[in-house]
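The values are calculated or read from the model by the stated rules, or taken from the named source; none is laboratory data. Here the structure is a predicted model, which means the values were calculated and not measured. Quick reminder, even Gly has a Cβ in these numbers, built from the backbone with ideal geometry, and neighbours come from all protein chains shown.
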């Protein structure tokens with residue numbers, strides 16, 4: 001049972017004092033080590049998601065070159081998640097034992113090396129499946145490792161801001177990968193009109209991932225206490241606030257930390273399941289559009305790969321902006337003494353309502369290219385608002401074991417990465433181009449998933465530390 005050490009009446013005063021300390025000169029301004037950590041994590045996710053996304057963009061010329069069916073293309077796109085769902089929980093445990101810095105860094109490095117090897121492997125479909133699954137296995141450790149690090153690095157008054165900024169790197173990676181890969185694909189084509197330069201996209205992003213690893217090793221640390229140059233003031237501020245109840249920043253709410261990871265609590269807690277369901281819904285919608293948006297732009301809206309690459313930049317750029325702005329707004333609302341549960345619900349519903357409602361509209365706009373592109377951009381982009389809802393909630397309810405809780409959640413939620421491409425491929429069928437009704441069914445299904453998750457969120461989520469998951 002949580003025990004309050006200070007009353008609700010003291011919250012605004014204490015929180016404002018902490019926010020003043022956070023922005024003070026004594027903690028280093030823009031060179032605060034937690035800011036540098038967040039930027040490096042942001043860039044790390046940008047790298048791994050660019051490496052994940054480039055195959056979605058290159059899948060069309062690869063399908064033509066290797067004569068894959070739509071079903072085979074769906075399995076190629078989903079094979080990444082065969083490995084991704086397996087190492088979420090082990091990734092969290094490794095990060096707790098060996099440090100998040102090491103696990104996060106080598107996850108990105110291993111993915112980078114395999115990305116550079118992927119074009120050679122693509123000539124054998126079975127080997128491509130295996131390499132993509134291994135990439136998923138390595139990349140899977142990055143998120144739980146980050147959440148483990150954030151339990152040490154993120155002060156409660158900045159929780160939504162830091163989490164959403166770090167994770168928005170994924171959307172920046174998606175945004176950059178699409179136009180860059182599209183441009184590379186369009187550089188040169190063979191006599192049959194199929195791109196011959198698509199392998200260069202994999203080489204480029206693999207090299208960038210390796211260069212990022214060098215920076216990470218030089219500048220990052222698993223905890224503030226392990227950072228060699230952090231100021232005493234900043235370390236004291238982070239240590240004093242990183243595991244607080246965000247609704248009572250400056251007035252600590254204690255939950256007893258169990259000696260072992262509370263796996264049973266992760267399974268039976270309704271508050272945990274509220275996160276799992278919403279995490280799954282967010283990923284289902286995101287992966288559906290991530291893997292099939294290039295095909296939609298090409299076959300339905302009649303845009304060539306080069307132009308489609310630049311148009312597809314916009315949704316993920318907006319998603320990154322919405323995620324960062326949503327996180328900053330959520331923390332700002334707390335300074336106004338808004339209840340944290342209301343803030344988390346508001347941000348989650350805003351993201352899912354925009355995403356699901358606009359997807360339904362998109363199914364009827366295939367004959368209006370400018371409007372279809374606008375609606376698609378807003379649907380994907382505004383879904384980023386939900387990152388200020390469910391993502392900070394891991395630390396809200398489990399300040400001691402947020403990394404392990406995230407490992408469980410990401411294991412379950414990324415089953416959607418296996419399901420979504422296969423379901424979408426089956427709904428499309430093998431007719432090229434697929435009828436408008438088939439695309440409409442894909443969008444309907446994603447919208448239904450959003451609605452179900454929103455209902456679960458409103459009814460079951462908690463915003464304070466829950467003893468069962470600590």
Every listed condition ((1) assigned to a helix (DSSP H, G or I); (2) without any contact (Cβ under 8 Å) to a residue 60 or more places away in the chain) holds for residue 68 save (1)
Here the residues within segment 340-372 that are in contact (Cβ under 8 Å) with a residue 60 or more places away in the chain and in a loop (DSSP other than H, G, I, E, B) are 363, 364, 366
All conditions in (1) in a helix (DSSP H, G or I); (2) over 26 Å from residue 42 (Cβ atoms) are true of residue 337 except (1)
Of the conditions (1) surrounded by fewer than 23 Cβ atoms within 10 Å (Cβ to Cβ); (2) under 19 Å from the mean Cα position of the chain (by Cα); (3) at pLDDT below 90; (4) over 23 Å from residue 262 (Cα atoms), the single one that residue 120 does not satisfy is (2)
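Using the structure shown, decide if residue 79 is under 24 Å from residue 295 (Cβ atoms), surrounded by 21 or more Cβ atoms within 10 Å (Cβ to Cβ) and without any contact (Cβ under 8 Å) to a residue 60 or more places away in the chain. First the steps, then the outcome.
On the way: under 24 Å from residue 295 (Cβ atoms): yes; surrounded by 21 or more Cβ atoms within 10 Å (Cβ to Cβ): yes; without any contact (Cβ under 8 Å) to a residue 60 or more places away in the chain: yes.
Yes: the conditions hold for residue 79.
Among the residues of segment 450-462, is any closer than 19 Å to residue 348 by Cβ, in a loop (DSSP other than H, G, I, E, B), touching a helix residue (DSSP H, G or I) at 6+ places or on another chain (Cβ under 7 Å) and at pLDDT 90 or above? Lay out the reasoning, then the answer.
We begin by selecting, within segment 450-462, every residue closer than 19 Å to residue 348 by Cβ; these are 450-462.
Of the ones still in play, those that are also in a loop (DSSP other than H, G, I, E, B) are 461-462.
Retained after the next criterion (residues that are touching a helix residue (DSSP H, G or I) at 6+ places or on another chain (Cβ under 7 Å)): 461-462.
Right, trim to at pLDDT 90 or above and you get 461-462.
Yes: segment 450-462 contains one or more residues that are closer than 19 Å to residue 348 by Cβ, in a loop (DSSP other than H, G, I, E, B), touching a helix residue (DSSP H, G or I) at 6+ places or on another chain (Cβ under 7 Å) and at pLDDT 90 or above.
Looking for something modelled with pLDDT of 80 or more and within 30 Å of residue 432 (Cβ to Cβ) - is there at least one such residue anywhere in segment 30-48?
Step one: list which residues in segment 30-48 are modelled with pLDDT of 80 or more, which gives 32-48.
Then keep just the ones that are within 30 Å of residue 432 (Cβ to Cβ); that gives none.
No, because not a single residue in segment 30-48 is modelled with pLDDT of 80 or more and within 30 Å of residue 432 (Cβ to Cβ).
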Open item on the list: Suppose the filter is at pLDDT below 90, crowded, with 20+ Cβ neighbours inside 10 Å and over 15 Å from residue 59 (Cβ atoms); does residue 315 pass it?
Closed with: yes
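Which residues, counting only those in segment 335-356, are crowded, with 23+ Cβ neighbours inside 10 Å and over 20 Å from residue 172 (Cβ atoms)?
Initially, segment 335-356 is screened for residues crowded, with 23+ Cβ neighbours inside 10 Å, giving 340, 343-344, 347-348, 351-352, 355-356.
Matches in segment 335-356: 340, 343, 344, 348, 352, 356.
Find the residue count for segment 140-152, including only residues that are under 12 Å from the mean Cα position of the chain (by Cα) and in a helix (DSSP H, G or I). Show your work before the answer.
Step one: of segment 140-152, the residues under 12 Å from the mean Cα position of the chain (by Cα) are 140, 142-144, 146-147.
Those still in the list that are in a helix (DSSP H, G or I) too: 142-144, 146-147.
Qualifying residue count, segment 140-152: 5.
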| said: Would you confirm whether or not segment 80-89 contains a residue that is assigned to a helix (DSSP H, G or I), within 23 Å of the chain's Cα centre (by Cα) and either closer than 19 Å to residue 213 by Cα or at pLDDT 90 or above (or both)? | reply: no
The condition from (1) part of a helix (DSSP H, G or I); (2) surrounded by fewer than 18 Cβ atoms within 10 Å (Cβ to Cβ) that residue 101 misses is numbered (2)
Restricted to segment 412-435 and to residues being buried (at least 20 other Cβ atoms within 10 Å of the Cβ), under 17 Å from the mean Cα position of the chain (by Cα) and modelled with pLDDT of 85 or more, the residue farthest from residue 287 (Cα to Cα) is 413
The lone condition residue 395 fails out of (1) crowded, with 24+ Cβ neighbours inside 10 Å; (2) more than 18 Å from the chain's Cα centre (by Cα); (3) over 17 Å from residue 317 (Cα atoms) is (2)
Considering residues that are surrounded by fewer than 17 Cβ atoms within 10 Å (Cβ to Cβ) and closer than 23 Å to residue 172 by Cβ, the number found within segment 357-388 is 1
